Amino acid sequence: MTGFKNFEFVAGLVLIVLIGGAVALSGLLFPDGGRAMDLTARLTAPFTGWNHPLGTDPLGRDILARVVVGGRVSFFVGIVSALGAVVIGTVVGLLAGYYRGPWDMFLMRFADIQLALPFILLAMTVIAIIGPGLDRIIVLMIVAQWVQYARLIRGSVLSLRQAEFVQAAQSYGLPDRKILFGHILPNAMGPLVILATLNVANNILLESSLTFLGLGIDPLVPSWGGMLADGRNYIQTAPWVTIFPGLAIMLTVLGLNLLGDWLRDRLDPLGATK
Amino acid sequence: MSDTTAPILTVEDLSISFGDTEAVRGLSFEVPRGGTLAIVGESGSGKSVTSMAAMGLLKFTGGRVTSGRIQLHGKGGETEITGASEADLRRIRGNRISMIFQEPMTSLDPVFTIGSQIGEALKLHRGLRGRAARDEAARLLELVRLPNARAQLDRYPHQLSGGMRQRVMIAMAVSCRPDLLIADEPTTALDVTIQAQILQIIRDMQSEFGTSVVFISHDMGVVSEMADEIVVMRHGEMVEAGRAEDVILRPKADYTRALMAAVPKIGAMQGQENPRKFDLPGQAADQTDAHPAPERTEPLVRLDKVTTRYDLTSGFLGRVSHRVHAAEEVSFEIHPGETLALVGESGSGKSTVGKTLQQLVTPVSGRILYRGTDILSLDPAERQRFKREIQYIFQDPYGSLNPRKTVKQSLIEPMATHGLLKKADAQVADLLTSVGLKPEHAGRYPHEFSGGQRQRIAIARALSVDPGLIIADEAVSALDVSVQAQVINLMMDIQARRGLAYLFISHDMAVVERVSHRVAVMYLGEIVEMGTRRQVFETPQHPYTKRLLRAVPVMDPTRPPERVTLTGDIPSPVRPVGDPRRSHGFVEVAPGHLLADNHQDFEKYREGIAS
């Protein structure tokens, strides 16, 4: 079991470091930002030459360059929006679950209402009002997703606040802040970490849906989601246009999930010694 | 009762393994026809595993029989359970052997009515359907003395109390007139008066149907009331076996003797003024030193008419419709160095009193004075500082330590909170040594310790801030008897050394008799009788106290168990808003011995509430 856990960690770390490193260095590696068109080499198949190792898209743009550069937007949107939602949702969930009272009721009814709203509808309305842009997409995703975390955390807190070790901490006068962040949060982290890593993947895809609908970022800026959408018409004749950005998303999510699993087990002393 | 013609069940050289670990080794015993065999042992002794093997349920728990055999000699002829096919086992289970489990809360399916669950057993094994099954189910419930048997058939498990559920389990278990009934800790989760009723019902069933019983328990008192023969187990091996009388009165094995010494025996403290530690073998000789009496000067803590109620809300807007009257006008004093025991059954409000005193819940009215200071009138910051003076030890040693913190982190936290942390490592080492653990345990996590060790850690944590009073809320109830005796001895040592006061909350009369200077008996949120331990135990005045004391199983196999009158459950303390119960006053029957002034109305009053 220990061997597998270490393998999980190493594999996850290698994946994320490789992808993240390439994305971070994309400015150096591909100074043209993946926009250079080579109309003489449109839809080149992958692995046929050194000019375009992963082939080209219908406009003759290099897929490798676009995958690496596109990671900037996708990584950023996926991770920042998930982190933002985790932080806000966790704080709200902790406070609502621990103190209960009218605020809890208000926040949770608000969360119910928001969960009932379809995301695309919400996105279209908001973007129509405030206009498109990367920062706005992120804010929108945070607004849409914090409720999931808040509900999840609140559920755990409701049972943990009755736990005897929490009552014990109350009984020796530990301040609430320390009870919440020192005792309750570490015991409620497991499902949160898993949900967050899954949501990173979702957010990368959501960004592509929004871009596809014209609600996202500048369509000229490459992003994994945007590339998936672009390749849709060529999936029969030139599947590589879709496959490589898809693979990038898959490997990123896999890496994050492996790291998330490892992190969850590390946080749990019972799991660590099993 | 015992008929020695032929045994009903023989176990020969049985060994059971879970993976690579052996849970039971070379166990042999016979269950007498129509008699009761008790298997006694502490946790991990393999007693429950043995009973699962006898039911042929072992493979569902991940274990397997590695050698030996179990044979049932029932009315349907010989069956070897260890070699039987699954189809044969299904016919035997519930039909010729049936089982009662410990947890009446979970052993009934919550989504089916009582009637349909008993009906299912009757259909499966006796082919009864519809009207006939319903009539038979009602008859069975009458047999286990469930009031209004026919009406109960349509109720769901959650609508019944623990004691009533356990009666339903018994009714189901005997529904097919089994040859053998296996009862695995059937009364451990129940209150003592309810336990007495359930034991009575099992005895009645036995004499009515001639059923043989395998009774598994850790409680020597209960075993002594039920068993004809006893098997004592430890670490999967049989330590001693024999007739109940011999094993209890003349134990041969060292382990059995140690176990008996650790069992608190009610009445053992007669004539003693002060508490006394258990005489455990291998313990230092300072046993004979009398436990110190408390200082009768100024009281350390005084509760003055403390009333705590919990709101129950209902409906969409969360309107308060009912209140749990958990503690009503509770008043008492605890002196420095004194142990006051708060006894009562579940729902009596004894834990609520502890939690109110610890400021974990806020009372509706009343005053709590600590060395003359009214804690409740202080501002929040002062109150927080006061939490240092009173510490709490919880019942569950598995739940009261944060599983994600090391022992050291858990011990440091209270000291850091109250600014008492100087040299962390040395302080932690001192604390661990003072509760009989080793300083090198500091870096470990709670799951690496046994229940008794965890409770020692919890005690160390309570001691870390040098409090004046420790509230021990059922602090030893979840422990094995031998560990329980050690932890009680430790607590008394600490009291003698530091002059600590304890509020000892417990349902176990025998333990209370051992540890306390004074005793307060609670019933339905009120103290009904309070006095020194000798006053309450030797001259109990209140009918409820007498009933409690009578219900405690006595470890004396020569005395036939007392016939228990089967009265109902403890009434509920939940009352509608605006309908408070009238509190009673007290009369002083002897100096310091207080008695509820309405004690004569008790039985009437109880009936009135129950109906």
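Brief remarks follow.
- Selection count, region A:84-103, where residues are over 13 Å from A:LEU158 (Cβ atoms), open to solvent by 40 Å² or more (accessible area, probe 1.4 Å) and at pLDDT 90 or above: 3
- Members of region B:12-52 found to be of a type in the set (A, V, I, L, M, F, W, C) and within 20 Å of B:VAL247 (Cα to Cα), listed by number: B:LEU27, B:PHE29, B:VAL31, B:LEU37, B:ALA38, B:ILE39, B:VAL40
- Restricting region B:364-378 to residues that are among the aliphatic types (A, V, I, L, M) and under 25 Å from B:PRO336 (Cα atoms), the residue that is nearest to the chain's Cα centre (by Cα): B:ILE368
- Hits in region B:423-443 - residues which are touching a residue at least 40 places away in the same chain (Cβ under 8 Å) and buried (at least 21 other Cβ atoms within 10 Å of the Cβ): B:VAL435
- Candidate set from region A:161-180 (those that are without any contact (Cβ under 8 Å) to a residue 40 or more places away in the chain, open to solvent by 40 Å² or more (accessible area, probe 1.4 Å) and not acidic (Asp, Glu)); member that is farthest from the other protein chains (Cβ to nearest Cβ): A:ARG177
- Check on B:ILE471, within 11 Å of another protein chain (Cβ to nearest Cβ) and β-branched (Val, Ile, Thr): yes
- Residue match in region A:71-83 (condition: open to solvent by 60 Å² or more (accessible area, probe 1.4 Å) and more than 30 Å from A:GLN236 (Cα to Cα)): yes
- Test for B:ASP466: is it out of contact with any helix residue (DSSP H, G or I) (no Cβ under 7 Å at 6 or more places or on another chain), more than 14 Å from chain A (Cβ to nearest Cβ) and surrounded by fewer than 22 Cβ atoms within 10 Å (Cβ to Cβ): no
A quick yes/no check of all residues on (1) hydrophobic (A, V, I, L, M, F, W, C); (2) assigned to a helix (DSSP H, G or I); (3) within 28 Å of B:ARG319 (Cα to Cα):
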| site | (1), (2), (3) |
| --- | --- |
| A:ARG66 | no, yes, no |
| A:SER74 | no, yes, no |
| A:VAL92 | yes, yes, yes |
| A:THR125 | no, yes, no |
| A:PRO132 | no, no, no |
| A:ARG136 | no, yes, no |
| A:VAL147 | yes, yes, yes |
| A:ARG151 | no, yes, yes |
| A:LEU158 | yes, yes, yes |
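- Helices (runs of 4 or more DSSP H) contained in region A:208-274 and holding at least 2 residues modelled with pLDDT under 80 and either farther than 26 Å from A:VAL17 by Cα or away from chain B (no Cβ under 14 Å) (or both): A:269-273
- Odd one out for B:GLY354 among (1) at the interface with chain A (Cβ under 8 Å from one of its Cβ atoms); (2) buried (at least 17 other Cβ atoms within 10 Å of the Cβ): (1)
- Which listed residue is of a type outside the set (Phe, Trp, Tyr), under 16 Å from the mean Cα position of the chain (by Cα) and not in a loop (DSSP other than H, G, I, E, B), from B:VAL519, B:VAL512: B:VAL512
- Taking the numbered list (1) modelled with pLDDT of 85 or more; (2) in contact with a helix residue (DSSP H, G or I) (Cβ under 7 Å, 6 or more places away or on another chain); (3) among the hydroxyl-bearing types (Ser, Thr, Tyr) in turn, B:THR61 passes all entries but (1).
- Condition check for A:MET124: surrounded by fewer than 18 Cβ atoms within 10 Å (Cβ to Cβ) and in contact (Cβ under 8 Å) with a residue 40 or more places away in the chain: yes
- Residue pairs whose Cβ atoms lie under 8 Å apart, separated by 6 or more positions or on different chains, with the first residue in region B:238-254 and over 20 Å from B:THR50 (Cα atoms) and assigned by TED's automatic domain parsing to the domain that holds B:PHE29 and the second surrounded by fewer than 20 Cβ atoms within 10 Å (Cβ to Cβ) and among the polar types (S, T, N, Q), are B:GLU245/B:THR558; B:LEU249/B:THR558.
- Looking across region B:202-230, the residues that are of a type outside the set (A, V, I, L, M, F, W, C) and assigned to a helix (DSSP H, G or I) come down to B:ARG203, B:ASP204, B:GLN206, B:SER207, B:GLU208, B:GLY221, B:SER224, B:GLU225.
- Count of region B:379-422 residues which are open to solvent by less than 10 Å² (accessible area, probe 1.4 Å), more than 8 Å from every other protein chain (Cβ to nearest Cβ) and within 24 Å of the chain's Cα centre (by Cα): 2
- Annotation: of all residues in region B:81-102 being assigned to a loop (DSSP other than H, G, I, E, B) and crowded, with 16+ Cβ neighbours inside 10 Å, the one that is farthest from the chain's Cα centre (by Cα) is B:ALA84.
Conditions (1) of a type in the set (D, E, K, R); (2) within 18 Å of the chain's Cα centre (by Cα); (3) over 17 Å from A:THR90 (Cβ atoms); (4) within 14 Å of chain B (Cβ to nearest Cβ), marked per residue:
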position: A:PHE110; (1), (2), (3), (4): no, no, no, no
position: A:LEU121; (1), (2), (3), (4): no, no, yes, no
position: A:ARG136; (1), (2), (3), (4): yes, yes, yes, no
position: A:VAL139; (1), (2), (3), (4): no, yes, yes, no
position: A:ILE142; (1), (2), (3), (4): no, yes, no, no
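- Apart from one condition, B:VAL343 fits all of (1) surrounded by fewer than 24 Cβ atoms within 10 Å (Cβ to Cβ); (2) more than 14 Å from chain A (Cβ to nearest Cβ); the exception is (1).
- In region B:452-463, of all residues being touching a Phe, Trp or Tyr at 6+ places or on another chain (Cβ under 9 Å) and open to solvent by 10 Å² or more (accessible area, probe 1.4 Å), the one that is nearest to A:GLN167 (Cα to Cα) corresponds to B:ARG461.
- Candidates are the residues of region B:316-340 that are open to solvent by 30 Å² or more (accessible area, probe 1.4 Å) and not in a strand (DSSP E or B); the one that is nearest to B:THR532 (Cα to Cα) is B:GLY318.
- Some residue of region A:176-193 being closer than 28 Å to A:LEU59 by Cα and touching a Phe, Trp or Tyr at 6+ places or on another chain (Cβ under 8 Å): no
- Here B:GLU142, B:GLU136 are screened, and the one residue that is within 29 Å of the chain's Cα centre (by Cα), surrounded by fewer than 20 Cβ atoms within 10 Å (Cβ to Cβ) and at pLDDT 85 or above is B:GLU142.
- The residues in region A:6-50 that are over 22 Å from A:GLY71 (Cβ atoms) and outside any helix (DSSP H, G or I) can be counted, and the count is 5.
- Condition check for B:PRO446: within 12 Å of another protein chain (Cβ to nearest Cβ), buried (at least 19 other Cβ atoms within 10 Å of the Cβ) and touching a Leu at 6+ places or on another chain (Cβ under 9 Å): yes
- Test set (1) of a type outside the set (Gly, Ala, Ser); (2) open to solvent by less than 30 Å² (accessible area, probe 1.4 Å); (3) closer than 30 Å to B:LYS355 by Cβ - A:LEU158 fails condition number: (2)
The values are calculated or read from the model by the stated rules, or taken from the named source; none is laboratory data. Only a predicted model underlies this, so the values are computations on that prediction, with no experimental measurement involved. Glycine also receives a Cβ, built like all others from the backbone with ideal geometry; neighbour counts cover every protein chain displayed. Just the protein is used for accessible areas: all its heavy atoms, side chains included, with ligands, DNA and RNA removed. Shrake-Rupley method; radii C 1.70, N 1.55, O 1.52, S 1.80 Å.
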